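Worksheet for the structure shown next.
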Amino acid sequence: MMEEFNEAICMEQSYSLLTGKETYEDLVSNGEDLYLLFDPEKSIKEIDVSVYDALLDYFIYTEEYEKCGEILELKELSKIMLLN
């Protein structure tokens, strides 16, 4: 049975996977429940812009501005990839 949803874990796991700090295999191998804001099988250009916005909102709220910078860079990169 899955534990109650934990927003902090979801945001951290989504951030770690999106930025490449951890792989999907790393996240599932730790034995904890996995919460993600996006389908990990999709490419970066297929991830909806709302995922980046949700992560930005969360990390602005928690005042983790370095993470915000990384997320903004990835958001811009995904826009460029969509144009190609």
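Relative to the current alpha-carbon distance between Asp48 and Glu7, full extension at 0.36 nm per residue lengthens the span by 12.9 nm. Expressed as an acute angle from 0 to 90° and rounded to the nearest 10, what is the orientation of the C-alpha long axis of helix 65-83 relative to the principal long axis of the chain? Here the helix axis deviates by roughly 60 degrees.
For the chain, the longest principal axis of the C-alpha atoms and the axis of helix 7-18 are separated by about 50°. Remark: relative contact order (the chain) = 27 percent; criterion is Cα-Cα distance under 8 angstrom and separation of 6 or more residues. Based on protein heavy atoms only, the chain ends up with 68 Å² per residue of surface accessible to a 1.4 Å probe. How far, in degrees from 0 to 90, does helix 49-61 lean away from the longest principal axis of the Cα atoms of the chain, to the nearest 10? Tilt of helix 49-61: around 70 degrees. In this label model, Val28 and Glu73 are separated by 2.8 nm, measuring between points 7 Å along each Cα→Cβ vector.
In terms of Cα to Cα distance under 14 Å, which aspartates and glutamates are near enough to Lys75, apart from those fewer than 8 places away along the same chain? In chain and number order, the partners are Glu46, Asp48, Asp53, Asp57.
Globularity index of the chain is 1.09 (Cα radius of gyration / 2.2 N^0.38 Å, N = number of residues). Here the chain exposes an accessible surface that is 52 percent carbon and sulfur, computed with a 1.4 Å probe and the other protein chains kept in place.
The values are calculated or read from the model by the stated rules, or taken from the named source; none is laboratory data. This one's a predicted model, so the numbers in the text were calculated from it and none came from an experiment. For neighbour counting, all protein chains shown are included, and Cβ atoms are generated from backbone atoms with ideal geometry for every residue, glycine included. Note: areas computed on protein heavy atoms with side chains; ligands, DNA, RNA excluded. Shrake-Rupley method; radii C 1.70, N 1.55, O 1.52, S 1.80 Å.
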